[in-house]
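Structure first, commentary second.
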Amino acid sequence: MARRIAILPDAVADQIAAGEVVERPASVVKELVENALDAGARHVRVLLEHGGKTLIEVSDDGTGMGREDAVLALDRHATSKIRSAADLVGVSTFGFRGEALPAIASVSRLGLATSDGETEGSELAVTGGRLERVDPAARQRGTTVTVRGLFFNTPARRKFLRSTASETRAAHDALATLALAHPGTAFEFEVDGVVRLHVPGGQTLVERLAGVWGRELAGTLVPVGYGAGAFRVEGFVQRPADAKPTGRRTQLFVNGRPFKDPFLVRAAEAGYRSSIHPGDRPSLLLAVTVAPDAVDVNVHPAKLEVRFRDRIGVERVVEEAVRDALGRLEAAAPIGSRAGWAGSDRGAGRWEASGDLGSQSELLPASATDEEPASFTAPLLQMFNTYLVYEAPDGIVIVDQHSAHERVLYERVMAQMRGSGCSAQRLLLPLALELTDEELDAFETYGEEIRAVGFEAEPFGGRAVALHAVPAPHPRFDGGACFRETIADLARGRFGGWANRLERFVATFACRAAIKAGQPLSEPEMRQLLLQLFETDLPPHDVHGRSTIVQLPREELERRFGRR
Ligand SMILES: Nc1ncnc2c1ncn2[C@@H]1O[C@H](COP(=O)(O)OP(=O)(O)OP(=O)(O)O)[C@@H](O)[C@H]1O
Ligand SMILES: [Mg+2]
């Protein structure tokens with residue numbers, strides 16, 4: 001019988017491998033940025049055109065390559081990262097197969113410009129896997145890889161590409177993951193000439209999270225730090241109150257390597273137990289550390305998944321780590337329901353009935369329902385012009401002044417909007433404000449609420465509006481600034497997770513109308529603010545879900561100072 005088995009030519013083998021490694025532009029971004037990071041880059045720049053269908057370019061300032069290495073790098077199984085199968089255990093670089101560059105080159109027109117900073121730089125051109133040119137080039141140390149016409153020679157695969165927006169989003173996600181893995185490295189992401197992400201180097205993980213996931217989401221996360229047996233888990237999980245059914249972000253790392261694992265995410269969710277509504281999906285970033293031989297990172301063609309030797313163990317520790325973090329959150333949580341304060345503590349001499357405080361208040365008019373005015377006589381300090389600190393029977397209480405005032409205003413304005421509406425104050429001279437298109441849209445969308453809260457504003461030609469009257473929630477209120485900031489927030493869809501439109505508007509307004517952190521307050525103002533805060537149906541957090549009150553329990557102090 002004639003021989004039927006043949007060895008495939010390299011070019012075909014590369015294209016087949018490419019099918020596994022290079023699925024879409026996002027995979028190219030992932031592979032090239034991983035190479036840049038493996039090369040020790042401090043700065044990585046990624047350009048994308050048409051979702052990467054026409055151009056993907058990744059530049060770095062890493063070690064670069066000499067000419068011989070640059071040519072070799074395009075060969076299958078050419079890698080500088082491991083030398084033997086044994087090196088695979090505990091490999092700390094993203095790459096180790098020597099597959100990515102040849103795979104990408106086999107399905108595109110690839111340019112590689114590189115210099116090791118010592119020898120003359122090189123520029124290589126490859127078309128569909130065929131090396132066309134190797135030229136000398138002047139360039140600084142580092143590497144730029146340019147990928148054009150992805151899948152130009154595999155039309156069947158090209159057809160599978162999604163819309164430009166969808167490919168761009170996938171590439172953005174791939175880059176975000178690596179940016180979170182390396183907070184020390186600066187990243188820039190430019191899409192069709194517009195910078196979409198720009199984070200500086202030398203960041204902490206928290207700063208990087210704020211840069212990549214946005215400040216708002218990052219502000220809802222609490223730290224995780226937990227170890228048991230062979231595992232250690234670090235990272236951040238979202239506070240239960242902030243979890244929403246949609247729009248969550250998750251990121252897992254093992255020994256610094258990103259991976260996907262829905263079951264491990266589920267284990268983390270199990271750590272929330274009953275503290276979230278069923279259906280809410282908390283955001284989280286968890287970094288697991290294990291012995292190198294306890295995890296196999298070479299089980300997935302694009303290295304997106306890993307295999308743990310002790311699967312049950314890692315799930316258990318992740319669940320415990322989340323529960324531990326949320327448990328500590330509760331211990332630090334707020335005290336102070338109205339009952340606990342105005343009731344029992346009044347007897348203890350901290351809250352005394354007295355009628356002389358309303359006149360001292362500059363910040364807040366006394367609330368109308370206050371039949372029995374109370375005063376608050378414990379020593380009170382403002383720290384960093386932001387926190388109010390006082391002694392309570394069972395610990396030291398710290399109140400965030402902005403968050404407290406926001407809470408007070410939210411309740412009051414909500415009640416007024418549902419009732420007779422808010423009072424307004426006419427401006428002597430109307431204030432003309434220029435809005436963006438998005439802000440004008442928001443101005444129209446929320447016109448009714450804007451009027452009801454006490455702003456009187458009308459279109460004033462072009463993109464301008466004239467502001468004739470503003471509400472007057474407190475004497476330090478800046479109506480023009482509040483109007484502008486509130487409209488900008490509404491345009492940006494801040495508080496977008498709030499389903500109720502009136503609540504969304506009032507939350508936005510209250511946040512912008514409240515006194516800010518950094519504002520010095522007089523003592524009567526501070527006392528009045530606290531009184532009004534205790535009048536509210538005090539949940540322990542503000543409209544963003546951030547803590548309003550934090551207590552340092554006396555027991556905790558005693559434990560730390562060795563008194564117990
Ligand atoms: N940006 C870069 N800077 C310096 N060297 C690079 C860069 N990109 C690639 N190289 C070199 O080229 C080699 C081949 O890269 P390639 O991505 O194909 O394989 P790898 O990273 O070793 O393994 P993997 O296929 O798992 O990614 C690398 O081992 C590295 O030595
Ligand atoms: Mg690689």
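Quick note: the coordinates plus some simple rules give every number you see, no bench work behind them. On a predicted model such as this, the values are computed, not experimentally measured, just so you know. Glycine gets a Cβ as well: all are built from the backbone with ideal geometry, and neighbour counts include every protein chain shown.
Say R0 is 35 Å: what FRET efficiency, to the nearest 0.05, do Glu458 and Ala165 get from their beta-carbon distance?
Plugging the Cβ-Cβ distance into 1/(1 + (r/R0)^6) gives 0.45.
Once you keep just the Cα pairs under 8 angstrom separated by 6 or more residues, what percentage relative contact order results for the chain?
Computed over the chain, the figure is 11 percent.
Placing +1 on the Cβ of each Lys and Arg and -1 on the Cβ of each Asp and Glu in region 137-199, which of Ala137, Leu178, Thr168 has its Cα farthest towards the positive end of the resulting dipole?
Ala137
Note down the magnitude of the dipole of the chain about its Cα centre, charges +1 on Lys and Arg C-beta and -1 on Asp and Glu C-beta and zero elsewhere, to the nearest 20 debye.
The calculation lands at about 1640 debye.
Could you work out the longest stretch of the chain that avoids the GluC sites (Glu not before Pro) located in DSSP loops with at most 14 other Cβ atoms within 10 Å?
372-564
What residues qualify as long-range amide H neighbours of Leu284, i.e. H under 5 Å apart, gap of 5 or more or another chain, H built at 1.01 Å from N?
Distant-sequence amide H within range of Leu284: Arg249, Thr250, Gln251.
Pop out the ³J(HN,Hα) list for region 49-63 in order, Karplus 6.51 cos²θ - 1.76 cosθ + 1.60 with θ = phi - 60°, rounded to Hz; leave Gly and Pro as x.
Working through the residues one at a time gives 10, 6, x, x, 6, 9, 8, 10, 9, 10, 10, 9, 10, x, 5 Hz.
Starting from the Cα of Arg3, step 7 Å along the direction of its Cβ; do the same at Glu305; then give the gap between the two resulting points in nm.
Label at Arg3, label at Glu305, 3.7 nm between them.
Holding the Cα-Cα limit at 31 Å, pick out from Lys81/Lys159; Lys244/Lys516; Lys159/Lys260; Lys159/Lys244; Lys53/Lys244 the pairs that are longer than that.
From Lys81/Lys159; Lys244/Lys516; Lys159/Lys260; Lys159/Lys244; Lys53/Lys244, over 31 Å: Lys81/Lys159; Lys159/Lys244; Lys53/Lys244.
Pairing the Cα long axis of helix 25-38 with the longest principal axis of the chain, what angle in degrees results, from 0 to 90 and rounded to the nearest 10?
It works out to around 90 degrees.
Find which of Gln551, Gln203, Thr246 sits farthest along the positive direction of the dipole of the chain, computed with +1 on the beta-carbon of Lys and Arg, -1 on that of Asp and Glu, about the Cα centre.
Thr246
Determine the sum of side-chain charges near Val318: Lys and Arg each +1, Asp and Glu each -1, restricted to other residues whose C-beta is under 13 angstrom from that of Val318.
My count for the surroundings of Val318 gives -3.
Are there chymotrypsin sites (Phe, Trp or Tyr not before Pro) in region 381-488 that DSSP puts in a loop and that have at most 13 other Cβ atoms within 10 Å, and which ones?
Answer by residue number: Phe384.
In debye to the nearest 20, how big a dipole does region 411-564 give about its Cα centre with +1 on each Lys and Arg Cβ and -1 on each Asp and Glu Cβ?
720
Between rounded, prolate and oblate, where does the chain land on the alpha carbon gyration tensor, with a ≥ b ≥ c its root eigenvalues, rounded for a/c under 1.5, else prolate if a/b exceeds b/c? Write out the running numbers ahead of the final one.
On the way: a/c = 2.82, a/b = 1.82, b/c = 1.55.
Here the chain falls in the prolate category.
Please identify every one of the trypsin sites (Lys or Arg not before Pro) in region 1-60 that sits in a loop by DSSP and has no more than 11 other beta carbons within 10 Å of its own beta carbon.
Arg3, Arg4
Which chymotrypsin sites (Phe, Trp or Tyr not before Pro) in region 122-231 sit in a loop by DSSP (not H, G, I, E or B) and have at most 16 other Cβ atoms within 10 Å of their own Cβ?
Filter output for region 122-231: Phe152, Phe160.
Is the shape of region 425-534 best called rounded, prolate or oblate, per the rule: a/c under 1.5 gives rounded, else a/b larger than b/c gives prolate, else oblate, with a ≥ b ≥ c the square roots of the Cα gyration tensor eigenvalues?
On the way: a/c = 2.22, a/b = 1.44, b/c = 1.54.
The shape class here is oblate.
Tell me the angle of helix 501-513 to the major Cα principal axis of the chain, expressed in degrees between 0 and 90 and rounded to the nearest ten.
Approximately 80 degrees, to the nearest 10.
With labels modelled as points extended 7 Å from the Cα through the Cβ direction, what inter-label distance (nm, one decimal) is found for Arg476 paired with Asn385?
0.9
Which one of Pro393, Gln382, Met414 is farthest out on the positive end of the charge dipole of region 374-420, using unit charges on Cβ (Lys, Arg +1; Asp, Glu -1) and the Cα centre as origin?
Ranked along the dipole, the leading option is Met414.
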